[in-house]
């Protein structure tokens with residue numbers, strides 16, 4: 001048994017899920033902006049950019065959802081362990097938590113790059 005408080009890890013999970021909700025909202029709004037742009041007269045290259053960005057938004061919104069669900073399941077498992085192991089984390093759950101943390105940070109980086117790419121695209125239209 002690892003001497004890490006489940007409450008600390010659970011708080012991290014809550015923070016990640018809240019941030020993922022915010023990112024989902026942001027990228028859903030960006031996807032709507034992209035649809036508005038797609039209705040304007042665009043060059044062939046710009047239309048290809050629209051298609052690429054639309055695909056990326058779709059993929060990343062799925063990734064946000066999947067990670068949020070994985071974190072939710074992990075948090076529920078830790079809640080069970082809180083009762084079973086007097087508030088301490090077993091090593092498997094700690095390893096899962098670290099894996100999810102890595103996935104969360106990786107997704108943040110990917111989304112940051114997509115945000116930059118989208119903003120550059122919008123700037124190029126002006």
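Every number in this text was worked out from the coordinates using simple rules, so none of it is lab data. Owing to the predicted nature of the structure, the values given are computational and were not obtained by experimental measurement. For neighbour counting, all protein chains shown are included, and Cβ atoms are generated from backbone atoms with ideal geometry for every residue, glycine included.
Figures for the structure shown
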quantity: Simple spin-label estimate for residue 43 and residue 70 in nanometres, 7 Å along Cα-Cβ; calculated: 3.9
quantity: In degrees, nearest ten, helix 91-124 long axis to first principal axis of the chain (Cα); calculated: 10
quantity: Between segment 1-71 and segment 76-116, the Cα center-to-center distance that results, in Å; calculated: 18
quantity: Angle in degrees between helix 44-84 and the longest Cα principal axis of the chain, rounded to the nearest 10; calculated: 10
quantity: Length released on extending from residue 109 to residue 33, taking residue separation times 0.36 nm less the Cα-Cα span; calculated: 25.2 nm
quantity: FRET efficiency, 1/(1 + (r/R0)^6) with R0 35 Å, evaluated for residue 8 and residue 120 via beta carbons; calculated: 0.35
quantity: Residue with peak Gaussian network fluctuation, the chain [Cα springs, cutoff 10 Å], from 96, 43, 28; calculated: 43
quantity: Separation of the residue 51 and residue 101 label points, Cα + 7 Å toward Cβ, nm; calculated: 4.2
quantity: Principal-axis tilt of helix 6-38 within the chain, Cα atoms, nearest 10 degrees; calculated: 10
